[in-house]
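The values are calculated or read from the model by the stated rules, or taken from the named source; none is laboratory data. None of these values were measured; they are calculated from a predicted model. Neighbour counts are summed over all protein chains in view; Cβ atoms, including those assigned to glycine, are modelled from backbone coordinates with ideal geometry.
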Ligand code: ZN
């Protein structure tokens, strides 16, 4: 009898930790908005928590994409670089991507709102975390990146005001995205946050506008979330509990 109990207990814990997906995040969106751009978590460590993700690099030196286990750094010139794994990040979110939901669409996507609605229609709930990969034939993308900063760091909205913006027409590529529930708004960007990289891995950035002809979508669900918080002096004194709505809309949408 005892052994049956242990078997059931083992099966329960096993099923609870496998197959339900886990998202790992370093630092919080509010800390980034407040200007903690100190790289304090290495890409090597981040890679041990996932093969798919988005974020930024130390000193806010460009947009991060982690796709199929490879890190890409899109610097302020809009071009893609491959960073060393010793480089550190001040903010990133990753998961080990699994294909839980997949579909193809040839419906024309005319903007970010339409894309959000198209994806939302396939989700079983808005209350869990999703990683979303969209391989598509884009008729238009508008992206931004951010330039490396020097101390004293300014808040993110002061930097994105003059952000370098790039536009591409008729380009193939991938959107690397997370969708967080609205209730996590002080921790990550609520709803969709897309980064774009071209199929030839030469250009990309944080997505501002989009038009899609056809796409293949893969969605990875996470019922588990691990949050690692920085040991930096900036994080310790940052007002990470403040209201961030207008800052998020200006800096991250
Ligand atoms: Zn972004």
> Hey, among the residues in the range 14-37 that are under 23 Å from residue 127 (Cβ atoms) and modelled with pLDDT under 90, which one's surrounded by the most Cβ atoms within 10 Å (Cβ to Cβ)?
Replying inline: 20
>> Being touching a residue at least 60 places away in the same chain (Cβ under 8 Å) and at negative phi is the requirement here; does residue 85 meet it?
In response: no
> Within the range 59-70, can you find the residues that are in contact with a strand residue (DSSP E or B) (Cβ under 7 Å, 6 or more places away or on another chain) and either part of a strand (DSSP E or B) or away from the ligand (no atom under 16 Å from the Cβ) (or both)?
Replying inline: 63, 64, 65, 66, 67
> When the range 63-79 is examined, which residues are found to be over 13 Å from the mean Cα position of the chain (by Cα) and surrounded by 22 or more Cβ atoms within 10 Å (Cβ to Cβ)?
Replying inline: 74
> When you go through (1) in a loop (DSSP other than H, G, I, E, B); (2) free of Cβ contacts under 8 Å to residues at least 12 places away in the same chain one by one for residue 113, which number turns out not to apply?
Replying inline: (1)
> What number of residues within the range 188-209 are away from the ligand (no atom under 15 Å from the Cβ) and under 20 Å from residue 245 (Cα atoms)?
Replying inline: 0
> Can you tell me which residues in the range 25-54 are touching a helix residue (DSSP H, G or I) at 6+ places or on another chain (Cβ under 8 Å) and not in a loop (DSSP other than H, G, I, E, B)?
Replying inline: 26, 29, 31, 32, 33, 53
> Somewhere in the range 128-145, is a residue under 20 Å from residue 98 (Cβ atoms), in contact with a helix residue (DSSP H, G or I) (Cβ under 9 Å, 6 or more places away or on another chain) and within 14 Å of the ligand (Cβ to nearest atom)?
Replying inline: yes
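I need the full set of residues from the range 180-198 which are in contact with a helix residue (DSSP H, G or I) (Cβ under 7 Å, 6 or more places away or on another chain) and in contact (Cβ under 8 Å) with a residue 60 or more places away in the chain, in order please.
186, 187, 188, 189, 191, 192
Just need a number here: residues in the range 210-253 that are within 16 Å of the ligand (Cβ to nearest atom) and in contact with a strand residue (DSSP E or B) (Cβ under 8 Å, 6 or more places away or on another chain).
3
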